[in-house]
Amino acid sequence: MDVTITRADFADPRLGAFLQAHLDDMEPTAPPESRHALDLRALQAEHVRLWVAAVPDVEGVAGTAALAGLDERHEELKSMRTDPRLRGRGIASALLAHVLDDARSRGVERVSLETGSMEFFEAARTFYARAGFEPCPPFGSYVEDPMSTFMTLALTAR
């Protein structure tokens, strides 16, 4: 599938709606203290870079992915989501490759993520494992949580 990836336009109301749908998807999966998805405002922080995927013949946002800086050489993958109607078409793979290439180009050495441990997130955990992410302990400000799975990927120069 032909995927175009650009930096997010936070003034686009379609982006706000897409990100709210992501938060709405997460709400029934865990109690508030175990949900770590960022809202539109948090994604506009200086240490966060958000990208949007678009595909031909589909109106609106096809997918998103963000990187949030943890320290100079370590970033966190955030807001990774594909429109449910478009899943299985390679959009997530294109987004992940794009953000990892961006991180490498800026000298980032490690990208980590938190995702749910429940069945709802099984496809996500499998996707990240196929991309080379491995289980790891909590990082950044995270703490052990039975509702969370933590994964990390050491980046190598390409």
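The values are calculated or read from the model by the stated rules, or taken from the named source; none is laboratory data. Worth saying up front: this structure is predicted, and the values here are computed from it rather than measured. Quick reminder, even Gly has a Cβ in these numbers, built from the backbone with ideal geometry, and neighbours come from all protein chains shown.
A few points about this structure:
- The residues listed here are Ala53, Ala66, Ala94; of these, the one that is within 20 Å of Ala123 (Cα to Cα), in contact (Cβ under 8 Å) with a residue 60 or more places away in the chain and of a type in the set (Gly, Ala, Ser) is Ala94.
- Residues satisfying the stated conditions in region 52-89, i.e. crowded, with 20+ Cβ neighbours inside 10 Å, over 18 Å from Gly16 (Cβ atoms) and of a type in the set (D, E, K, R): Glu75, Glu76
- Scope region 102-138; condition among the aromatic types (Phe, Trp, Tyr), modelled with pLDDT of 95 or more and either out of contact with any strand residue (DSSP E or B) (no Cβ under 7 Å at 6 or more places or on another chain) or over 26 Å from Pro28 (Cβ atoms) (or both); matching residues: Phe127
- The set of residues in region 26-55 that are under 14 Å from the mean Cα position of the chain (by Cα) and outside any loop (DSSP other than H, G, I, E, B) comprises Met26, Ala42, Leu43, Val48, Arg49, Leu50, Trp51, Val52, Ala53.
- Residue within region 16-23 that is modelled with pLDDT under 95, hydrophobic (A, V, I, L, M, F, W, C), part of a helix (DSSP H, G or I) and farther than 23 Å from Phe127 by Cα present: yes
- Residue match in region 75-85 (condition: assigned to a loop (DSSP other than H, G, I, E, B), within 20 Å of Asp39 (Cβ to Cβ) and not acidic (Asp, Glu)): no
- Residue, surrounded by the fewest Cβ atoms within 10 Å (Cβ to Cβ), within region 40-51, restricted to residues that are of a type in the set (A, V, I, L, M) and within 16 Å of Leu95 (Cα to Cα): Val48
- Verdict on Arg7 being basic (Lys, Arg) and at pLDDT 95 or above: yes
- When region 1-51 is limited to residues that are of a type in the set (Phe, Trp, Tyr) and touching a helix residue (DSSP H, G or I) at 6+ places or on another chain (Cβ under 8 Å), the one that is nearest to Thr115 (Cα to Cα) turns out to be Trp51.
- Filter result (touching a strand residue (DSSP E or B) at 6+ places or on another chain (Cβ under 7 Å) and outside any helix (DSSP H, G or I)) within region 3-15: Val3, Thr4, Ile5, Thr6, Arg7, Ala8
- Subset of region 90-121 [within 20 Å of Pro138 (Cβ to Cβ) and acidic (Asp, Glu)]: Glu109, Glu114
- In region 103-122, the residue that is surrounded by the fewest Cβ atoms within 10 Å (Cβ to Cβ) out of those that are touching a residue at least 12 places away in the same chain (Cβ under 8 Å) and either of a type in the set (Lys, Arg) or out of contact with any Ser or Thr (no Cβ under 8 Å at 6 or more places or on another chain) (or both) is Gly107.
- Candidates Phe139, Phe121 - the one that is among the aromatic types (Phe, Trp, Tyr) and assigned to a helix (DSSP H, G or I): Phe121
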